[in-house]
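Visitor: Next up is a structure, given as structure tokens.
Where a number appears in this text, it was derived from the coordinates with a stated rule and is not lab data. Note that the coordinates shown come from a computational prediction; the quantities given were computed from them, not determined experimentally. Here the Cβ is made from the backbone with ideal geometry for all residues, glycine too, and neighbour counts use every protein chain on show.
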Amino acid sequence: MKRPVWRRLARDEARLAGDAVVAGVDEAGRGPLAGPVVAAAVVLVVGGKWHGLDDSKNVDPKTRAALYARVVFEARAFSWTVFGPRVIDHTNIRRASLTAMQRSVEKLRVRPELVLVDGKDEIPGLTVRQHALVDGDARMISIAAASILAKVVRDRIMERLDCVWPAYGFARHKGYATPEHLAVLERLGPCALHRYSFSPVCVQQLPLV
């Protein structure tokens, strides 16, 4: 019988972390043309049973919402940080994502002894041991939990902002470069939610704030 994904993720994390208090960190929203980037950090209860928990890209929206609620209610600690499009424009998406990750770790009520980061980059400025893992959200249970939080928080932000700019369809495509989004961007031009430094948005003169 095939081992459930969450058991494999928990087993592999335990092998890597040993007895250390682990925080998993991930972000959502590096690629879209519009909206914020959201980073989340999660410290799970050791030995907890997380049926269905997986990389947020591998679960449907209904399952993500249920897992989000479980993480919020059952994790030892969690936090998230949101950086909007002007921060992204004036720094760059990589730096904005890493700084959001740093702040999320620093806001945790439980101090981790090891931070597991999704991706190839470690987080600058952390004073605790950390380990970056490519595809970490599909390899470590704490990063998978962080990916769920970041994805759900960002999606809900975009759904609410759809009420402010309904012509762009943000509730459907969440700011990603879908054919629908590109077509309306060509027709209407960018709004304040767009990342002016991203192609094909490309606003030449960035605002000061």
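Visitor: How big is the stretch 91-150 by Rg and Dmax over its Cα atoms, in Å?
Guide: For the stretch 91-150, the Cα radius of gyration and maximum Cα-Cα distance read 11.0, 30 Å.
Visitor: Next up: Given 0.36 nm per residue, what is the gain on full extension from residue 95 to residue 66 after removing their alpha carbon distance, in nm? Before the final figure, lay out the partial values.
Guide: Details: separation 29, 0.36 × 29 = 10.44 nm, distance 3.07 nm.
That works out to 7.4 nm of additional length.
Visitor: Lysine pairs in the stretch 31-122 with alpha-carbon atoms under 23 Å apart, 8 or more places apart or on different chains: how many are there?
Guide: Details: 49/57; 49/62; 57/120; 107/120.
Step by step, the pairs that qualify in the stretch 31-122 add up to 4.
Visitor: Please compute the net charge surrounding residue 79, taking Lys and Arg as +1 and Asp and Glu as -1 over other residues with Cβ under 9 Å from its Cβ.
Guide: On the way: positive: 103, 107, 109; negative: 106.
Taking every Cβ under 9 Å from that of residue 79, the sum is +2.
Visitor: Which one of 186, 113, 122 has the biggest mean-square fluctuation once the chain is modelled by GNM with Cα springs under 10 Å?
Guide: Looking only at 186, 113, 122, the largest GNM fluctuation is found for 186.
Visitor: Using 7 Å Cα-to-Cβ label points, what is the residue 76/residue 180 separation (nm, one decimal)?
Guide: 4.2 nm
Visitor: Under a point spin-label approximation (7 Å from Cα along Cα-to-Cβ), what is the residue 111-residue 58 distance to one decimal in nm?
Guide: The modelled label-to-label distance comes out at 3.4 nm.
Visitor: Return, ordered by residue number, the residues of the stretch 135-165 whose backbone nitrogen is under 17 Å from a label point located 7 Å along Cα→Cβ of residue 12.
Guide: 135-148
Visitor: Taking the Cα centre of the stretch 5-188 as the origin and placing charges on Cβ (Lys, Arg +1; Asp, Glu -1), which of 45, 134, 171 is farthest toward the positive end of the dipole?
Guide: 45
Visitor: May I pose another question? Considering only DSSP beta bridges whose two residues both sit in the chain, what percent are antiparallel, to the nearest 5? Could the numbers behind the result be given before it?
Guide: Working: 13 of 22 bridges.
The antiparallel proportion sits near 60 percent.
Visitor: Right, here's the next one. Report, by chain and number, residues whose modeled amide H sits under 5 Å from the one on residue 132, excluding near sequence neighbours (fewer than 5 apart, same chain).
Guide: Counting only residues 5 or more places away or on other chains, the set is 117.
Visitor: Something else now. At a 10 angstrom cut-off on C-beta neighbours, averaged per residue, how do the peptides 61-70, 38-47 rank from highest to lowest?
Guide: Numbers: 61-70: 15.9, 38-47: 23.2.
By packing density, highest mean first, the sequence is 38-47, 61-70.
Visitor: Still on this model: When a/c is below 1.5 the answer is rounded, else prolate if a/b is larger than b/c, else oblate, so apply that to the stretch 5-188 with a ≥ b ≥ c taken from the square roots of the Cα gyration tensor eigenvalues.
Guide: It comes out prolate by the Cα gyration axes.
Visitor: Cα centroid distance between the stretch 10-63 and the stretch 74-100, in Å?
Guide: 15 Å
Visitor: Also, I was wondering about something else. Using 0.36 nm per residue, how much length does the chain from residue 122 to residue 51 gain when fully extended, once their Cα-Cα distance is taken away? Before the final figure, lay out each step's value.
Guide: Working: separation 71, 0.36 × 71 = 25.56 nm, distance 2.87 nm.
Between residue 122 and residue 51, full extension yields an extra 22.7 nm.
Visitor: I would also like to ask the following. Ordered by packing density, taken as the mean number of other Cβ atoms within 10 Å over each peptide's residues, highest first, how do 92-99, 29-36 rank?
Guide: 29-36, 92-99
Visitor: Per-residue ellipticity at 222 nm for the chain, helices alone: DSSP H runs ≥ 4 residues times -39500 (n - 2.57), over residue total, nearest 500 deg cm²/dmol? Before the final figure, lay out the partial values.
Guide: Working: 7 runs with 84 residues, N = 209.
Roughly -12500 deg cm²/dmol at 222 nm, from the helical runs in the chain.
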